[in-house]
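Working notes, beginning with the structure itself.
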Amino acid sequence: MPSGKTHDRITAWGLPMVAAATFGAFRDPAITLALTGGFAAGGFFLSPDLDIHSVPYKRWGPLRWIWLPYRKMFRHRSPWTHGVLIGTTVRVAYFMVWVAAAVAVAGAVAALLAGGGGDGAGQEAIATVITMAQWLWRQPLLWGVAAGLELGALSHVTADFLFSKVRRRKAKTKKKPAKRRGRRSQWSYYGNYKPALRSKKRYRRRPKPRSKVPKRRRYF
Ligand SMILES: [Zn+2]
């Protein structure tokens, strides 16, 4: 798979293209901003590679630990992180759980500070989360941002796919000389038994060079 730097570069180069295409299609600066912002966030922050210790993971800085359970939950490049639509959906849902938790705590603390008891704090926490969810749902550009996030993830997954394809092709061409050398892997038909197919000559060592003095200097 490409390195984090390559993925960043792809996102950075994709940004103007996404912006131009969105503006060309909708002629609306707000939608363009939402979609392009989503694309940047999807590439730089909500990247599929949050499932390993990666550049986007480190980019979260002091908050990076919120992605540790995510890393534990999913194998690298599993369909739950790198799948089309599924990856972004799972990541956004996972992130929203943390946001909801933070909002709930803030609501509870506010209620406690205002002088309510323990019960009031719990109710306030739930109420703040519901208010936040309703506010978020009412945002007119929500789907623009969501489309941008998915597009950012899609560019990542496409790059992953293309790079691994190239690598597989390289590995195929590299295998040939290994075969000619007559090495048999232990998974071959013969197992660990090596049939004597070749003469012993081939296995004889080369004679050692007599002196370490380079040839052309020997005659001086
Ligand atoms: Zn990846």
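No lab work stands behind these numbers, since they all come straight from the coordinates. All values reported here derive from a predicted model rather than from experimental measurement. Ideal geometry is used to build each Cβ from the backbone, glycine not excepted, and the neighbour counts take in all protein chains shown.
Between the residues 125, 148, 98, the greatest Cα displacement towards the positive end of the dipole of the range 61-158, with unit charges on the Cβ of Lys, Arg, Asp and Glu, is found for 148.
Summing Lys and Arg as +1 and Asp and Glu as -1 over all other residues whose Cβ lies under 12 Å from the Cβ of residue 77 gives a net charge of -2.
For the set 58/170; 5/170; 5/72; 5/172; 72/165; 5/165, the pairs lying more than 29 angstrom apart at their alpha carbons are 58/170. By other beta-carbon atoms within 10 Å, ranking 135, 143 with the fewest at the front produces 135, 143.
Overall, the range 4-174 carries a charge dipole of about 1400 debye about its Cα centre when +1 sits on the Cβ of Lys and Arg and -1 on the Cβ of Asp and Glu, all other atoms neutral.
According to the square roots a ≥ b ≥ c of the eigenvalues of the Cα gyration tensor, what is the shape class of the range 4-174, taking rounded for a/c under 1.5, prolate for a/b larger than b/c otherwise, and oblate for the remainder?
Oblate, because a/c is 1.5 or more while a/b does not exceed b/c.
Each of 26, 39 was scored by other Cβ atoms within 10 Å of its Cβ. Listed from fewest to most, they are 26, 39. Return a whole-number percent for the relative contact order of the range 4-174, with Cα pairs under 8 Å and 6 or more residues apart as the contact set. Taking the mean separation of contacting Cα pairs over the length of the range 4-174, I get 31 percent.
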